[in-house]
1. Out of the residues in segment 95-110 that are outside any loop (DSSP other than H, G, I, E, B) and among the hydrophobic types (A, V, I, L, M, F, W, C), which is surrounded by the fewest Cβ atoms within 10 Å (Cβ to Cβ)?
2. Looking at LEU71, LEU90, which one is closer than 28 Å to ARG116 by Cβ and in contact with a Lys or Arg (Cβ under 7 Å, 6 or more places away or on another chain)?
3. Here's a check for you: in segment 82-94, which residue that is loosely packed, with under 15 Cβ neighbours inside 10 Å and of a type outside the set (Asp, Glu) is farthest from the chain's Cα centre (by Cα)?
4. When residues of segment 20-42 are filtered for being in contact with a helix residue (DSSP H, G or I) (Cβ under 8 Å, 6 or more places away or on another chain), surrounded by 14 or more Cβ atoms within 10 Å (Cβ to Cβ), not in a loop (DSSP other than H, G, I, E, B) and not small (Gly, Ala, Ser), how many remain?
5. In segment 16-45, which residues are touching a Phe, Trp or Tyr at 6+ places or on another chain (Cβ under 8 Å) and either aromatic (Phe, Trp, Tyr) or free of Cβ contacts under 8 Å to residues at least 60 places away in the same chain (or both)?
6. Considering only segment 77-96, I want to know if a residue exists there that is among the β-branched types (Val, Ile, Thr) and in contact (Cβ under 8 Å) with a residue 12 or more places away in the chain.
7. Just give me the residues in segment 43-73 being in a helix (DSSP H, G or I), farther than 27 Å from LEU123 by Cα and of a type in the set (D, E, K, R), in sequence order.
8. Has segment 99-109 got at least one residue that is within 19 Å of VAL61 (Cα to Cα), touching a helix residue (DSSP H, G or I) at 6+ places or on another chain (Cβ under 9 Å) and not β-branched (Val, Ile, Thr)?
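Please treat every number below as a calculation from the coordinates, not as lab data. Given the structure is predicted, the values throughout are model-derived calculations rather than measurements. Cβ sites come from the backbone with ideal geometry, for glycine too, and all protein chains shown count toward neighbours.
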Amino acid sequence: MQKQLSKKEKEFSAYYLELGNGREAAARAGYLMPKKAAGRLLERSEIKKYIHSLLSKHEDVADARTGFRRLAFGSVADAVRLLDGERENLDGLDLFMVSDIKIPKGGGMEIKFFDRQKALESLAELEKAGSDDTALPFYSALRKSAAALEITGEDGDSDEA
């Protein structure tokens, strides 16, 4: 049976992902002998799995940020080419910003785009979430979640490795 990670172990994992240095991560998480603690923690399978899950979530946030940037700042030139009748190379057209294409019975074509303003607002929210100190939005959210867990008492394990 796997032991649930303590708040301190979760903080270590988040710092390790952010810093890439076990000793620094352990020191920031509050371990007294950071080098020794980092070695012990990084050997544990639960810690490795948790770090991997954090990395997956971080990649999801990065993917969302990339998508919002494409929507907010991308070109509509390929959609205009499609509207003008260029249909030979459909696979080569970048239609990421297109939300809907309709071809009415009477002919012609109607193209709707995703809302650039909403994409900018979503991008700003992602950036704002990480504005406290220099942490990335993902790490900031992790710290807030860890604090919320501590307040609600959902993490009953000890704080030592």
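1. Checking each candidate, the answer is ILE101.
2. Going through LEU71, LEU90 in turn, the sole match is LEU71.
3. Of the residues in segment 82-94, the ones loosely packed, with under 15 Cβ neighbours inside 10 Å are 83-92, 94.
From the residues that got through so far, the ones that are of a type outside the set (Asp, Glu) too are 83, 85, 87, 89-90, 92.
Values: LEU83: 35, GLY85: 38, ARG87: 36, ASN89: 33, LEU90: 31, GLY92: 28 Å.
The extreme case among them is GLY85.
4. Residues that pass the stated criteria total 6.
5. Here is the first cut: in segment 16-45, the ones touching a Phe, Trp or Tyr at 6+ places or on another chain (Cβ under 8 Å) are 17-18, 22, 24-26, 28-29, 31, 37-38, 41-42.
Answer for segment 16-45, where residues must be touching a Phe, Trp or Tyr at 6+ places or on another chain (Cβ under 8 Å) and either aromatic (Phe, Trp, Tyr) or free of Cβ contacts under 8 Å to residues at least 60 places away in the same chain (or both): GLY22, GLU24, ALA25, ALA26, ARG28, ALA29, TYR31, ALA38, LEU42.
6. Among the residues of segment 77-96, not one is among the β-branched types (Val, Ile, Thr) and in contact (Cβ under 8 Å) with a residue 12 or more places away in the chain, which makes the answer no.
7. Passing the criteria: GLU43, GLU46, LYS48, LYS49.
8. No: segment 99-109 contains no residue that is within 19 Å of VAL61 (Cα to Cα), touching a helix residue (DSSP H, G or I) at 6+ places or on another chain (Cβ under 9 Å) and not β-branched (Val, Ile, Thr).
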